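Since every read-out is calculated from the coordinates, none of them should be taken as a lab result. All values derive from a computational prediction rather than experimental measurement. So basically every Cβ, Gly included, is an ideal-geometry build from the backbone, and we count neighbours across all protein chains shown.
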Amino acid sequence: MLELFCSSTFQYSYYHADSKEDNLKKISCVTLTVLIALSAFVLSCKSGSWNDLHYSDVSLFDWLQASVKNKSGEQVLWFQVFDQVDDRATIDGYKNAKEKIDKYPAKIFENKWIWLMVNNRIEIRLIADDKTKEFQNTDALKKFIQSFDLAGMEKVTGPRIKGKDLEKYIPKLGKK
């Protein structure tokens with residue numbers, strides 16, 4: 001509807017622009033339309049669509065472990081998710097982390113792996129496969145790790161949770 005309004009306003013003002021006010025309206029409508037379109041594009045990119053990936057194996061122990069394959073069937077990465085609530089040494093190991101992803105302390109081995117601590121409790125260990133190149137890139141790893149439900153992980157309280165309860169926080173992927 002906004003596009004229709006701006007489009008008709010633009011067309012009218014182009015042919016009937018008598019004043020600076022009409023020109024300002026035209027520029028404002030065009031700018032607003034571009035900003036809305038750009039915002040929609042950025043939001044769709046940020047959400048991270050992983051339809052070309054699928055889980056080949058999800059193991060639920062006291063922790064969660066999963067392998068991720070691409071549409072060709074090649075493993076591209078794997079990860080583990082742990083509730084480290086009672087492991088002070090692991091939690092303290094992130095206190096002096098020099099790197100962060102969003103607001104979370106991270107340990108990063110460039111183009112190989114990222115370990116992330118959420119809520120001083122939930123640890124994600126994300127590792128790129130060394131045979132395929134798709135995730136042998138720190139930015140790609142960061143984008144994938146940001147697709148976990150980090151906000152949901154921040155709300156975890158109480159006793160240690162196991163792999164089956166951690167599964168709801170992992171990224172949604174396409175189907176095999």
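Restricting Glu134, Glu167 to those that are of a type in the set (D, E, K, R) and assigned to a loop (DSSP other than H, G, I, E, B) reduces the list to Glu134. Applying the condition of being out of contact with any Gly (no Cβ under 7 Å at 6 or more places or on another chain) and surrounded by 11 or more Cβ atoms within 10 Å (Cβ to Cβ) to region 60-73 and asking which residue is farthest from Lys176 (Cα to Cα) yields Gln65.
Can you tell me which residue within region 116-135, out of those that are closer than 19 Å to Arg160 by Cα and among the hydrophobic types (A, V, I, L, M, F, W, C), is surrounded by the most Cβ atoms within 10 Å (Cβ to Cβ)? Looking at the filtered set, the residue picked out is Leu116. Could you identify the single residue in Lys98, Lys143 that is loosely packed, with under 12 Cβ neighbours inside 10 Å and more than 18 Å from Leu64 (Cα to Cα)? Residue meeting the stated conditions: Lys98.
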